[in-house]
Amino acid sequence: MCGIVAYIGHRQAYPVIIKGLKRLEYRGYDSAGVALLNHGLKLYKKKGKVAALEEITVGKDLDGHIGIGHTRWATHGEPSDRNAHPHQSSNGKLAMIHNGIIENYAALKSELIKKGYVFHSDTDTEVLLNFIEDIQKNNGGTLEEALRIALKRVVGAYVVVLIDKDNPDTLIAARKGSPLVIGIGKNEHFLASDASPIIEYTKEVVYVNDYQIAIIKSDELILKNLGNERQTPFIQKLDLELAAIEKGGYDHFMLKEIFEQPDTIRDCLRGRLDVQQCTITMAGIQNNIEQIKNANRILIVACGTSWHAGLIAEYIIEELCRIPVEVEYASEFRYRNPIIHKGDMIIAISQSGETADTLVAIEKAKEQGAVILGIVNVVGSSISRISHAGAYTHAGPEIGVASTKAFTAQLTVLAMVALKIAKERETISHDRYLHLLEELNDLPEKVSHILARAEHIKNVALKYKDVINALYLGRGYNFPVALEGALKLKEISYIHAEGYPAAEMKHGPIALVDESLPVIFVATKDAYHEKIVSNIQEIKARKGKVIAVITEGDETITGMADDILPVPEADEVIAPVISVIPLQLFSYYIGIAKGYDVDKPRNLAKSVTVE
Ligand code: M6R
């Protein structure tokens, strides 16, 4: 939520910042702004995407070797020019960008108003900035000292970056709960919410930790804690190529990411799955295998699409490992004082590794003694760092706001983790284990097979592009796929869609069914097939339109459905990876046909770092 970029060094800051903001736009895109220091402070900001900011800066003074930039996802105050960041302090000397939420901003604001401060925006950011200015004014110390004092009073989450007219050779930044990466170049430094604005300049980075303050000059990086003690920066090498964050000839990141799935699944399996040797190698799991295999209970915490992956993992783990599993929305789990016993294991699933609710949920569980296993895509992200053990999904950067390749990679990793635990616990037969290894191995080819038929999926999608509502139904392993299909349609096409277990339909949603309602069944061949065939008949009897994701060659459903989306046959444990693909494309083509920006759907942001 919100993207921040800052630069200090020998280059012109403006082009570095604008390019970086475009890469971070997936994090928020309702307004953007930049502040530059060069014989004074210059500030430009505009409602809308980064392109709108660029338009208003044409012909303006953009000179400066130090600057900060921001792309916003509104929390406090509507998207507008005046609420866009950077904000300027009352005395005009400081400018600041912020990602996160200052929860006690109202109390701080009324203190400041009593002192005569006047506010020009509705944001919590301007409050924090003037609070810092006020501390500096009263204490007479440096900006760094004032920031340290201010942050001790702040409740909430933040990354802040400040520039100061009186110290034009220094950037000051701090973090708690939101991500901040610093790229280290030759006599230059780059700051950003993730590494994508940095990789074309340097691969050496430092991930700033919570409660750290960074004091950055062109040739110096100092890290301190809030107690003013210096801390040694831990420099890491980025394992990321520029091509991975560009569209590569596709019209949209979402389409590119859908089509990347054979490769991302292959990358996820590579070095782990060995069908010949009949092994799964996952060091992060193996190193903690005793604790993991002896877990009394597994709690899965996640949000959104990652939560859907968790629901599928519940089916897989309970069936293969015979360990009870509960799947929780991280946002509910963190606040309801959950009961955690010794021997419980928490699996946190997150693409970004920065989702605030998931992060806080596992921090709390960790305090209570749970073992945390992180299934995360972004290497070095906060969730991956606070987990005891884990496995990366290796899907590469996912830029489209709607999660696609990250979901199938999560399912692939979760299946491997479950198989590994099942093998250790001896709750799976050798034949079944080997069969599932082969099924995993075949996944990339089966996904390619579906993608080769994208044109058919597009034609079906276009038939339904003007519907107002849609119902998605599935049973067993395919029930969470129905939820995911409905979420994709909502996000991308703004069509109201609901996912349900197919049998639950009779307990309410069936009242919605008439000739105008498309019902999308996820009905591949599995243990529930006959049951779902009955459910399809129930919809047809009420004149509903049936679109069915089916196993190729399923004559029964072909004869009943209005439209079919066939996929190759797969074991039901693995089938969700396959059955979700047509639903991703179905949503994509409807979103495009309706003329929407599918990579940046309205009101959404890729990384939800506020609760
Ligand atoms: O980065 P995370 O996986 O933790 O994100 C969780 C959700 O915010 C995310 O899956 C969201 O629901 C996506 N927009 C779904 O497409």
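The figures follow:
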| read-out | value |
| --- | --- |
| Residues satisfying the stated conditions in segment 184-241, i.e. aromatic (Phe, Trp, Tyr) and open to solvent by less than 60 Å² (accessible area, probe 1.4 Å) | PHE190, TYR201, TYR207 |
| Number of positions in segment 37-53 that are open to solvent by 60 Å² or more (accessible area, probe 1.4 Å) and either within 30 Å of ASP597 (Cα to Cα) or under 31 Å from the mean Cα position of the chain (by Cα) (or both) | 3 |
| Any hit, segment 123-141, residues being more than 20 Å from LYS165 (Cα to Cα), surrounded by fewer than 22 Cβ atoms within 10 Å (Cβ to Cβ) and charged (D, E, K, R) | no |
| Residues of segment 398-408 satisfying the condition of being among the aliphatic types (A, V, I, L, M) and within 11 Å of the ligand (Cβ to nearest atom) | VAL401, ALA402, ALA406 |
| Residue identified as within 30 Å of GLN277 (Cα to Cα), out of contact with any Asp or Glu (no Cβ under 6 Å at 6 or more places or on another chain) and part of a helix (DSSP H, G or I) among LEU443, LEU487 | LEU443 |
| The lone exception for ILE323 - which of (1) open to solvent by less than 10 Å² (accessible area, probe 1.4 Å); (2) under 26 Å from the mean Cα position of the chain (by Cα) it fails | (2) |
| Helices (runs of 4 or more DSSP H) contained entirely in segment 9-120, each with at least 3 residues that are over 27 Å from ARG153 (Cα atoms) | 13-24, 50-57 |
| Per-region count, segment 203-230, residues among the polar types (S, T, N, Q) and within 22 Å of SER352 (Cβ to Cβ) | 2 |
| Matching entry among ALA389, ALA348, ALA365 (being under 23 Å from the mean Cα position of the chain (by Cα) and within 14 Å of the ligand (Cβ to nearest atom)) | ALA348 |
| Segment 555-569, residues that are in contact with a Lys or Arg (Cβ under 9 Å, 6 or more places away or on another chain), crowded, with 22+ Cβ neighbours inside 10 Å and closer than 27 Å to ILE316 by Cα | LEU565, VAL567 |
| Positions within segment 368-383 being open to solvent by 30 Å² or more (accessible area, probe 1.4 Å) and within 14 Å of the ligand (Cβ to nearest atom), in sequence order | VAL378, VAL379 |
| Condition met for ASP251 (open to solvent by 50 Å² or more (accessible area, probe 1.4 Å), in a helix (DSSP H, G or I) and either more than 22 Å from PRO444 (Cα to Cα) or not assigned by TED's automatic domain parsing to the domain that holds GLY591 (or both)) | no |
| Answer residue from segment 497-507, given it is of a type outside the set (D, E, K, R) and more than 16 Å from the ligand (Cβ to nearest atom) and is farthest from ALA402 (Cα to Cα) among those | HIS507 |
| Candidate set from segment 284-305 (those that are of a type in the set (A, V, I, L, M, F, W, C) and within 11 Å of LYS420 (Cβ to Cβ)); member that is farthest from the ligand (Cβ to nearest atom) | ILE289 |
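The values are calculated or read from the model by the stated rules, or taken from the named source; none is laboratory data. Small disclaimer: the values here were computed from a predicted structure and weren't measured. For neighbour counting, all protein chains shown are included, and Cβ atoms are generated from backbone atoms with ideal geometry for every residue, glycine included. The accessibility values were calculated without ligands, DNA or RNA, using every heavy atom of the protein model including side chains. Shrake-Rupley method; radii C 1.70, N 1.55, O 1.52, S 1.80 Å.
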